[in-house]
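The values are calculated or read from the model by the stated rules, or taken from the named source; none is laboratory data. Bear in mind that the values here come from a model prediction, so they are computed numbers and not experimental data. Because the Cβ atoms are built from the backbone with ideal geometry, glycine has one as well, and the counts that use them run over all protein chains shown. With ligands, DNA and RNA removed, areas are computed over all heavy atoms of the protein, side chains included. Shrake-Rupley method; radii C 1.70, N 1.55, O 1.52, S 1.80 Å.
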Amino acid sequence: MQIDKPKLAMELPEKRMHDIFFQEEPELEMCQVQQADFANESVDRLRLSKVIIRNSRFNNTDFTGMDLLDVRFENCDFSNVKMSKSSIHRVEFHGCKMLGADMTESSLGNVSFRDSLVNLVSFGQSKMEKVIFSSCGLQGADFYANRMKKVEFTDCDLNEANFEQTALKGIDLSTSSFQQLTVSIENLKGCIVSPNQAIQLASLIGLVVK
C-alpha cells in the first residue's frame, strides 16, 4: 500500500524543543530537533508542522490534543506519553519506543510505524486511514472500537492485541504473528489471515481442527 509521505524540506534549521514555551502558541514548524530531553512535561494542543525530530525523549509527557502534520520522528522515546484526542497526518515513526502510549480518540492518516516498539499502546476509539505498521512489536496493543480503513500490518508481533468491536474487513494479518488475539467473531469477516492463523482463530468459534 502506498501512503503519502511527510512533505519536508531538504535542509531545515535546528531548534530546541523547549522553544515552544517562549511562543504565544506552542508550535514548531519548518525545523529539525536533535537529542531533546522533553520528558515529564505537559503541553496542551502542541502543533508541529514540517519538522524532523531525532534521538529525543518524551517519556511521560502530556501532549493531549496535539496536531502533527508532515513530521518524521527517528529513534525517539514516547514511553507512557499521552497523545489522546490528537490529529496525526503524514507522520513517520521510525525506530521509536512507544511502550504504553495513549493515542485514544485520535485521527491518524497516512502514518507509518516502522521498526518500532508499540507494545501496550492504546489506539481505542481512534480513526485510522492509510496507516502502516511494519516490523513493529504490538504486543498487548489496544485497538478497541477502532475505525480502520486501509490499515496494514507487515511482519508485526500482534500477540494479545485487542481488536474488540473493530471491523477487520480487508485488514491483512497474514505476515504477522500472534498466539492469542481478542476479537469478536462477527468482526473477523473479510480479515486476511494465513492458513496457520485460520487454525488459531478457529478456536474462537469452537472448532476443533484435526
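Let's see how each residue does on (1) touching a Lys or Arg at 6+ places or on another chain (Cβ under 8 Å); (2) of a type in the set (Lys, Arg); (3) farther than 30 Å from ASP70 by Cβ:
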position	(1), (2), (3)
SER116	yes, no, no
LEU120	no, no, no
PHE143	no, no, no
ASN159	no, no, yes
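Could you grab me the full set of residues in the stretch 71-80 that are without any contact (Cβ under 8 Å) to a residue 40 or more places away in the chain and in a strand (DSSP E or B)?
PHE73, GLU74, ASP77
Does any residue of the stretch 36-46 turn out to be open to solvent by 80 Å² or more (accessible area, probe 1.4 Å), modelled with pLDDT of 95 or more and on the phi > 0 side of the Ramachandran plot?
Scanning the stretch 36-46 turns up at least one residue that is open to solvent by 80 Å² or more (accessible area, probe 1.4 Å), modelled with pLDDT of 95 or more and on the phi > 0 side of the Ramachandran plot.
Could you please tell me which pairs satisfy a Cβ distance under 7 Å, a separation of 6+ or placement on different chains, a first residue in the stretch 55-70 that is within 17 Å of LEU8 (Cβ to Cβ), and a second residue that is in a strand (DSSP E or B) and of a type in the set (Val, Ile, Thr)?
Qualifying pairs under 7 Å: SER56/VAL33; LEU68/ILE88; LEU68/VAL91.
When the residues of the stretch 1-15 are narrowed to those that are under 24 Å from the mean Cα position of the chain (by Cα) and open to solvent by 100 Å² or more (accessible area, probe 1.4 Å), which ends up nearest to LEU108 (Cα to Cα)?
Applying the filter and picking the extreme gives LYS5.
Report every pair of residues separated by at least 6 positions or lying on different chains whose Cβ atoms are under 6 Å apart, first residue within the stretch 134-148 and under 13 Å from LEU158 (Cβ atoms) and open to solvent by 10 Å² or more (accessible area, probe 1.4 Å), second among the aliphatic types (A, V, I, L, M) and assigned to a loop (DSSP other than H, G, I, E, B).
Pairs found: GLY140/LEU120.
Would you check which residues across the stretch 103-117 are within 23 Å of ASN55 (Cβ to Cβ) and free of Cβ contacts under 8 Å to residues at least 24 places away in the same chain and list them?
If the condition is that a residue be within 23 Å of ASN55 (Cβ to Cβ) and free of Cβ contacts under 8 Å to residues at least 24 places away in the same chain, then MET103, PHE113, ARG114, ASP115, SER116, LEU117 are the ones that fit.
I'd like to verify a number: residues in the stretch 81-112 that are open to solvent by 50 Å² or more (accessible area, probe 1.4 Å) and either out of contact with any strand residue (DSSP E or B) (no Cβ under 7 Å at 6 or more places or on another chain) or within 17 Å of PHE153 (Cα to Cα) (or both), how many?
Pass one, the stretch 81-112, residues open to solvent by 50 Å² or more (accessible area, probe 1.4 Å): 82, 85, 89-90, 94, 97, 99, 105.
Filter once more, keeping what is either out of contact with any strand residue (DSSP E or B) (no Cβ under 7 Å at 6 or more places or on another chain) or within 17 Å of PHE153 (Cα to Cα) (or both): 85, 94, 105.
So the answer is 3.
Restricting the first residue to the stretch 186-199 and requiring it to be on the phi > 0 side of the Ramachandran plot, which pairs with a second residue that is open to solvent by less than 90 Å² (accessible area, probe 1.4 Å) meet a Cβ separation below 9 Å and a spacing of at least six or different chains?
Pairs that qualify, where the first residue is on the phi > 0 side of the Ramachandran plot and the partner is open to solvent by less than 90 Å² (accessible area, probe 1.4 Å), are GLY190/ALA167; GLY190/LEU168; GLY190/GLY170; GLY190/ILE171.
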